Structure formats: C-alpha cells, structure tokens
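K.L.:
Got a structure for you, written out below as structure tokens; questions coming shortly.
The values are calculated or read from the model by the stated rules, or taken from the named source; none is laboratory data. Remember, it's a predicted structure, so these values are computed and weren't measured experimentally. Because the Cβ atoms are built from the backbone with ideal geometry, glycine has one as well, and the counts that use them run over all protein chains shown.
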Amino acid sequence: MSDSIKYLLTEDRMPKRWYNLMADLPEAPPAVLHPGTGQPVGPDDLAPLFPMALIAQEVTQEREVEIPEPVRDIYRQWRPSPLFRARKLEKALDTPAKIYYKYEGVSPTGSHKPNTAVPQAFYNKEEGTKRLTTETGAGQWGSSIAYAGQYFGLEVDVYMVKVSYEQKPYRRALMQTFGARCVPSPSVETNSGRAVLAEHPDSTGSLGIAISEAVEMAAGRDDTKYALGSVLNHVLLHQSVIGLEAMEQMDMAGDDPDIVIGCAGGGSNLAGLAFPYIGRNLREGKKTRIIAAEPASCPTLTRGKFAYDFGDTASLTPLVKMYTLGSHFVPSPIHAGGLRYHGMGPLVSHAYELGLMEARAYAQTECFVAGVTFAKAEGIVPAPESTHAVKAAIDEALKCKESGESKTILFNLSGHGYFDMQAYTDFFDGKLTDEPYDEAMLAKSLEGLPEVAAE
C-alpha cells in the first residue's frame with residue numbers, strides 16, 4: 001500500500017444528512033436561560049439574532065437533519081474531504097500505532113469552517129436577511145462566512161480579535177477578497193467596544209469582546225442577523241459531516257479508530273469529527289476514546305468551571321451552562337487565535353461532564369514542535385490550532401511505542417497553516433513563548449460568574 005494513499009469517497013457518497021448527538025445522550029443538556037428572567041429561552045428570544053431554521057436546529061432532538069441541496073451543491077467544491085494514513089509520520093516516530101488524519105484544509109478557505117458557514121448563509125438568505133455580523137479569532141471563521149455570504153448575496157461584517165488582526169494580515173485580506181468588511185476588535189464602532197477601550201486602551205481583544213460587538217451590531221438592525229462559527233448546537237450539527245465521512249472512509253481502509261482527537265476552542269471541529277463516534281459509543285457500547293486538545297493558556301475544559309455563563313464579555317448573550325473561564329477572561333496572545341475562547345460549546349461541555357471524552361492542555365511551543373514534525377513527514381503545514389491535535393496524536397503514538405501496543409489513532413487536521421507562516425517564523429526565530437495565563441485574572445473572572453437560581 002502506497003505511503004501517500006488517501007481514502008476519498010465519491011461525490012455521491014457525501015452525507016445527505018447531518019448527525020445530532022442530542023438524540024443519543026443519556027441526559028439532556030441544561031437549558032439555555034434568558035439573562036433577564038432566568039427562564040429557558042424560547043424561539044422569540046433568539047429571533048433577533050438567528051433565522052428560525054437555525055433556531056429549530058439548535059433545539060431539535062432528531063438524530064438526523066437533512067442537508068438542503070443548495071448547501072450540498074456548494075459542499076461539492078471540496079467535500080468529501082480526504083482521509084490520509086500518515087505512514088511517513090508513523091515511520092518518523094517509529095511507532096506501531098496507525099495514524100490517520102481527516103484533512104479539512106482542502107476547503108476554499110483552508111479549514112473546516114465552511115461546513116457551517118454555507119448552511120448559515122443559506123438559511124439566512126431564505127428568511128430575507130440582508131447582512132450578517134460575526135466575530136473571528138484567527139480568521140478561519142471570518143473568511144469562511146465571507147466566502148459563504150458572497151454566494152448568497154449577503155453583506156458581511158467581521159469583528160476580528162485585534163491581536164489576530166495584527167498577526168494575520170493575509171486572513172484579513174482573504175475576508176476582503178470575498179467582499180467582507182473586517183474590523184479590529186475592540187473597536188470604537190460599538191458601545192461594548194468603546195467600554196473595553198476606555199478601561200483597557202491597549203487591549204489585545206478576545207473572542208468574548210468580538211462577540212459582544214457583533215451581537216450588538218446585529219441587534220441594532222432588522223435586516224441583520226448574527227452568525228457564530230462555533231459553540232452552538234446548530235454549528236456542531238453542521239460540522240458532523242466530518243465524522244460521518246471519516247467513519248465510511250475508515251471502513252474503506254479496513255480499520256477503526258481506538259482514539260479520536262480534535263483541537264478544542266469552542267468545540268466545532270472536535271465535535272464535527274468526534275460526535276458521530278460518541279453517538280456510536282452510546283448506541284453500540286463501543287469504547288472509542290475521544291480526546292480534546294486545548295491550549296494551556298486558555299484551558300477551558302482542564303481548568304474551567306462547569307457553570308452558567310455569558311458567551312460574550314458585555315453580557316448580551318443568553319446564559320448557557322458550559323465549561324468556562326469566565327466571560328471576562330482574556331487569554332495570552334498565542335497564535336492559535338481560534339482556540340482563545342473563554343467557554344466551551346455547551347454540548348461539548350455536557351459530553352465532557354458525562355465522562356464521554358477526555359481533555360489535554362498543551363503549551364504553544366510544544367504544539368509547534370509537533371506541527372513541524374508533522375510537516376516534515378507528511379508535507380502539510382498545520383494551522384496553529386490543529387497543531388494541538390497533532391501533538392495529542394503524536395503523544396498517543398509514542399505511548400504505543402513505549403508499550404508495544406498497536407492502536408489506531410484518528411485526528412482532525414482542521415486547517416492548513418499557509419496563512420499563518422508568521423507564527424512559524426516566530427517559532428524558528430525563538431520568539432514564541434509559553435506565557436501562562438494570569439491566575440489572579442482567572443480567579444477574578446470565575447468569581448464574577450452570574451448567579452443562576454436554576455443551579
């Protein structure tokens with residue numbers, strides 16, 4: 001079998017339905033609460049921000065949700081994405097483990113994010129939306145919603161976390177190429193942005209701040225809705241195409257993973273690969289291990305608290321129960337901007353709380369070492385976010401080397417790093433550091449969690 005073999009489904013084998021983990025969970029996740037009343041939110045509470053089709057997907061209990069044909073038609077530009085056997089990496093590590101990776105970097109924007117950007121733009125267009133606002137960290141989501149928006153004739157405004165806006169000019173240029181307007185956050189355009197700048201003029205920003213700005217702008221115009229690239233149930237639903245394809249491709253390879261790994265910020269690419277496997281574990285009693293790999297500078301699962309919190313800094317969003325570092329937590333300015341979020345998706349958090357997955361936290365430099373090791377072996381430069389999954393996969397493969405066990409490892413290479421070469425330049429120049437988060441800030445942020453009577 002060739003070292004470069006890939007397992008690629010034909011176009012007609014692309015999933016026709018998304019998978020919803022809610023249908024298989026042993027316990028329903030905690031309700032989303034209205035911040036004013038403390039009561040569960042209803043569709044009318046969410047209607048100012050989202051089209052009704054996405055609100056319905058947010059709460060559905062159906063195991064499968066049909067993918068609209070206009071969405072599948074755009075998906076066909078890059079889906080099904082390939083599954084590779086990383087034979088050269090196995091050889092470099094001298095491990096008996098078998099390593100596979102699902103490669104989402106083949107999408108037009110180089111990451112997994114278009115899997116949800118396209119349906120979100122479609123449903124908004126169907127319901128008469130003219131303009132979308134959103135936030136982005138490293139820029140994968142911002143460029144993806146810009147790409148999807150232009151297909152459906154939607155204006156797109158992106159509030160990009162300031163440190164990433166400065167670190168990643170080519171991501172910004174990609175958004176502009178697709179017709180979006182990109183604004184560094186915190187900005188002077190919104191009340192929430194101005195409030196942050198008044199207190200912290202040199203703020204590097206955070207996803208929580210950028211979300212506040214995007215939500216505020218969406219709520220101010222009837223023709224505008226808000227789009228979110230991670231965290232929420234409907235986003236994780238759309239990403240399930242990754243795992244559904246991977247399952248069939250692993251069958252083609254005559255193999256089945258013992259361990260499934262994804263990097264974790266808000267949870268979308270992790271859930272996209274892992275949720276179909278968690279569902280299979282629950283339905284069939286299988287024991288596939290699921291590992292979430294997160295940054296040590298923003299250790300939401302490994303150091304956060306499972307509690308109700310706001311999704312944004314300005315407390316404009318509903319309250320969701322999730323693993324959180326507190327909505328005022330500002331992570332260190334690591335290059336993995338897409339993982340710099342204070343909270344984990346509520347459905348991912350619920351699965352973790354139920355013991356359905358594990359979590360590991362890794363420092364920035366050790367992830368770049370893993371990324372370079374992978375690139376030298378496999379010829380693909382991973383995005384900084386994806387290096388966390390690479391690091392976890394390499395660690396598991398080395399454990400197999402020590403024990404002599406031959407396990408099958410599958411991870412999600414959720415994006416390429418070709419717009420992130422400054423990060424690699426900094427790494428090779430010795431400029432990357434493993435700045436720990438501020439323990440005092442974390443403690444203060446967690447002390448400020450909202451009091452919720454439902455708990």
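K.L.:
What are the residues in the range 411-446 that are touching a residue at least 24 places away in the same chain (Cβ under 8 Å) and out of contact with any Ser or Thr (no Cβ under 9 Å at 6 or more places or on another chain), if any?
P.N.:
Listed by number, the residues that qualify are Tyr418, Asp420, Met421, Gln422, Ala423, Tyr424, Asp426, Met441, Leu442, Lys444.
K.L.:
With respect to Ala210, determine if the residue is outside any loop (DSSP other than H, G, I, E, B) and buried (at least 24 other Cβ atoms within 10 Å of the Cβ).
P.N.:
When the stated conditions are applied, Ala210 passes them.
K.L.:
Separate question: Restricting to the range 368-381, name every residue that is without any contact (Cβ under 8 Å) to a residue 60 or more places away in the chain and touching a helix residue (DSSP H, G or I) at 6+ places or on another chain (Cβ under 6 Å).
P.N.:
Correct list: Ala370, Gly371, Val381.
K.L.:
Considering only residues that are of a type in the set (Lys, Arg) and touching a helix residue (DSSP H, G or I) at 6+ places or on another chain (Cβ under 8 Å), which ones fall in the range 70-101?
P.N.:
Arg76, Arg79, Lys88, Lys91, Lys98
K.L.:
Could you say whether any residue in the range 228-237 is under 16 Å from Thr136 (Cα atoms), among the polar types (S, T, N, Q) and touching a strand residue (DSSP E or B) at 6+ places or on another chain (Cβ under 6 Å)? Full working, then the answer.
P.N.:
First, pick out the residues of the range 228-237 that are under 16 Å from Thr136 (Cα atoms): 228-232, 235.
Now drop any that are not among the polar types (S, T, N, Q), which leaves 230.
Going one step further and asking which of them are touching a strand residue (DSSP E or B) at 6+ places or on another chain (Cβ under 6 Å), we end up with none.
No, the range 228-237 contains no residue that is under 16 Å from Thr136 (Cα atoms), among the polar types (S, T, N, Q) and touching a strand residue (DSSP E or B) at 6+ places or on another chain (Cβ under 6 Å).
K.L.:
Report yes if some residue within the range 337-357 is surrounded by fewer than 24 Cβ atoms within 10 Å (Cβ to Cβ) and closer than 20 Å to Asp426 by Cα; otherwise report no.
P.N.:
No, the range 337-357 contains no residue that is surrounded by fewer than 24 Cβ atoms within 10 Å (Cβ to Cβ) and closer than 20 Å to Asp426 by Cα.
K.L.:
Between a first residue in the range 217-245 that is in contact (Cβ under 8 Å) with a residue 12 or more places away in the chain and a second residue that is of a type in the set (Asp, Glu) and assigned to a helix (DSSP H, G or I), which pairs have beta carbons less than 9 Å apart while being 6 or more apart in sequence or on different chains?
P.N.:
These pairs meet every condition: Leu232/Glu58; Asn233/Glu58; His234/Glu58; Leu237/Glu58; Ile242/Glu104.
K.L.:
Give the residue, chosen from Val381, Val372, Val390, that is of a type in the set (A, V, I, L, M) and either in contact with a Leu (Cβ under 6 Å, 6 or more places away or on another chain) or within 19 Å of Thr288 (Cα to Cα) (or both).
P.N.:
Val390
K.L.:
So which pairs qualify, if the first residue must be in the range 342-366 and within 26 Å of Val32 (Cβ to Cβ) and of a type in the set (Phe, Trp, Tyr), the second must be modelled with pLDDT of 95 or more and surrounded by 18 or more Cβ atoms within 10 Å (Cβ to Cβ), the Cβ gap must be under 7 Å, and the two must be at least 6 apart or on different chains?
P.N.:
These pairs meet every condition: Tyr352/Leu301; Tyr352/Tyr323; Tyr352/Ala359.
K.L.:
For Phe374, indicate whether it is over 20 Å from the mean Cα position of the chain (by Cα), within 22 Å of Thr109 (Cα to Cα) and either crowded, with 24+ Cβ neighbours inside 10 Å or modelled with pLDDT under 95 (or both). Give the derivation first.
P.N.:
Details: over 20 Å from the mean Cα position of the chain (by Cα): yes; within 22 Å of Thr109 (Cα to Cα): yes; either crowded, with 24+ Cβ neighbours inside 10 Å or modelled with pLDDT under 95 (or both): yes.
It is true that Phe374 is over 20 Å from the mean Cα position of the chain (by Cα), within 22 Å of Thr109 (Cα to Cα) and either crowded, with 24+ Cβ neighbours inside 10 Å or modelled with pLDDT under 95 (or both).
K.L.:
Something else about it: Which of (1) surrounded by fewer than 23 Cβ atoms within 10 Å (Cβ to Cβ); (2) in contact with a Ser or Thr (Cβ under 9 Å, 6 or more places away or on another chain); (3) within 30 Å of Glu62 (Cα to Cα) is the odd one out, the single condition Leu197 does not satisfy?
P.N.:
Failed condition: (3).
K.L.:
Give me the residue from the range 80-116 that is part of a helix (DSSP H, G or I) and more than 26 Å from Lys399 (Cα to Cα) and, out of that set, farthest from the chain's Cα centre (by Cα).
P.N.:
Step by step, filter the range 80-116, then rank; the result is Val106.
K.L.:
Scanning for something outside any helix (DSSP H, G or I), in contact with a strand residue (DSSP E or B) (Cβ under 9 Å, 6 or more places away or on another chain) and crowded, with 20+ Cβ neighbours inside 10 Å, does the range 71-79 turn up at least one residue?
P.N.:
So far as the range 71-79 goes, no, none of its residues is outside any helix (DSSP H, G or I), in contact with a strand residue (DSSP E or B) (Cβ under 9 Å, 6 or more places away or on another chain) and crowded, with 20+ Cβ neighbours inside 10 Å.
K.L.:
In addition: Starting from the range 46-72, take each residue that is under 17 Å from Gly311 (Cβ atoms) and at pLDDT 95 or above and list its partners that are not small (Gly, Ala, Ser) and not in a helix (DSSP H, G or I), counting only C-beta distances under 7 angstrom and pairs at least six apart or across chains.
P.N.:
If the second residue must be not small (Gly, Ala, Ser) and not in a helix (DSSP H, G or I), the pairs left are Phe50/Lys225; Phe50/Tyr226; Glu58/Leu232.
K.L.:
Then there's this: Hey, could you check the range 304-349 for residues that are assigned to a strand (DSSP E or B) and among the aromatic types (Phe, Trp, Tyr) and say which is nearest to Gly417 (Cα to Cα)?
P.N.:
This residue is Tyr323.
K.L.:
Counting only residues that are touching a helix residue (DSSP H, G or I) at 6+ places or on another chain (Cβ under 8 Å), small (Gly, Ala, Ser) and under 14 Å from Thr95 (Cβ atoms), how many does the range 394-433 have?
P.N.:
2
K.L.:
Are any of the residues in the range 382-392 outside any strand (DSSP E or B), of a type in the set (S, T, N, Q) and surrounded by fewer than 22 Cβ atoms within 10 Å (Cβ to Cβ)?
P.N.:
Among the residues of the range 382-392, not one is outside any strand (DSSP E or B), of a type in the set (S, T, N, Q) and surrounded by fewer than 22 Cβ atoms within 10 Å (Cβ to Cβ), which makes the answer no.
K.L.:
Any idea how many residues of the range 44-62 are touching a strand residue (DSSP E or B) at 6+ places or on another chain (Cβ under 7 Å) and outside any helix (DSSP H, G or I)?
P.N.:
Total satisfying the criteria: 3.
K.L.:
Of everything in the range 350-362, what is in contact with a Pro (Cβ under 8 Å, 6 or more places away or on another chain) and either modelled with pLDDT under 95 or small (Gly, Ala, Ser) (or both)? Give them in sequence order.
P.N.:
If the condition is that a residue be in contact with a Pro (Cβ under 8 Å, 6 or more places away or on another chain) and either modelled with pLDDT under 95 or small (Gly, Ala, Ser) (or both), then Ala361 is the only one that fits.
K.L.:
Follow-up question, since we're still on this one. Right, Glu294: out of contact with any strand residue (DSSP E or B) (no Cβ under 7 Å at 6 or more places or on another chain), in contact (Cβ under 8 Å) with a residue 40 or more places away in the chain and buried (at least 24 other Cβ atoms within 10 Å of the Cβ) or not? Lay out the reasoning, then the answer.
P.N.:
Details: out of contact with any strand residue (DSSP E or B) (no Cβ under 7 Å at 6 or more places or on another chain): no; in contact (Cβ under 8 Å) with a residue 40 or more places away in the chain: yes; buried (at least 24 other Cβ atoms within 10 Å of the Cβ): yes.
When the stated conditions are applied, Glu294 does not pass them.
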